[in-house]
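Working notes for the structure below.
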Amino acid sequence: MPGRVTPHARRACGAALARRVRGFTLIELLVTLAILALLGALAAPVGQTVIQRRHEAELRAALREIRGAIDAYKKAGDEGRIARAVGASGYPARLELLVDGVVDLRSPKKAKMYFLRRLPRDPFNGDAALDDAQTWGKRSYASEANEPKEGDDVYDVVSTSGKVGLNGIPYSRW
């Protein structure tokens, strides 16, 4: 009879079904793990590059902000709005003055002028024990551009990191 299933056929069908339900073979699991390891190995450098790119963007923004504030301080000094010693360059004596403010000599109420709301940190200097101003390398007006040194004023700031950027230029040269 064509519609009737024999017991032998039923057992054979059940055994094949049991083999299929058992799960993955060891080879299948090893191949899957190898593929996942390869994808992980490829993703790690990409993730590091994304993080470095983000830190570089923070560094660019911080340098632009601080340098703009230093220039505004100098301009205010040149306009006679800030008290300046004879022979001084007109640049701030320390970075904290940009945040702490200085008295505006042209203001009848002697109000303070502020150049920064807060001083950004160097994103590549992770030393939490340092103040924000201490994370930056400072260049005095009297020092050479290729050998920045601290002095009586703050003419420029540089990163103290010894690392090289994605563009091949050391962060201390940005």
message = Helix-only mean residue ellipticity at 222 nm, the chain, DSSP H runs n ≥ 4 weighted -39,500 (n - 2.57), per residue, nearest 500. What is it?
response = -15000 deg cm²/dmol
task = Distance between Cα centroids, the stretch 153-174 to the stretch 23-98: provide it in whole Å.
result = 11 Å
inquiry  = Restricting to DSSP loop positions (anything but H, G, I, E, B) with no more than 13 other Cβ atoms inside 10 Å of their own Cβ, which trypsin sites (Lys or Arg not before Pro) remain in the stretch 138-174?
reply    = Lys149, Lys163
request  = Any chance you could give the angle, 0 to 90 degrees and rounded to 10, that helix 7-21 forms with the longest Cα principal axis of the chain?
outcome  = 10 degrees
key: Tally of Lys pairs whose C-alpha atoms are under 28 Å apart, taken over the stretch 27-173, 8 or more apart or cross-chain   = 14
remark   = Longest the chain segment clear of GluC sites (Glu not before Pro) sitting in DSSP loops (not H, G, I, E or B) with at most 16 other Cβ atoms within 10 Å runs 1-78
remark   = The local net charge around Arg118, scoring Lys/Arg +1 and Asp/Glu -1 for residues other than Arg118 whose Cβ lies under 13 Å from its Cβ, equals -3
Exposure proxy order (Cβ contacts within 10 Å, fewest to most) of Trp174, Trp136 = Trp174, Trp136
inquiry  = Please report the projected area of the stretch 27-173's Cα convex hull averaged over all directions, in nm².
reply    = 12.2 nm²
ask   = Taking only C-alpha pairs under 8 Å that are 6+ residues apart, what is the relative contact order of the stretch 15-174 in percent?
value = 17 percent
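Here, each number is a calculation from the coordinates, and none is a lab measurement. A quick note: this is a predicted structure, and the numbers were derived from the prediction, not measured. All Cβ positions, even for glycine, are placed from backbone atoms using ideal geometry, and neighbour counts span all protein chains on display.
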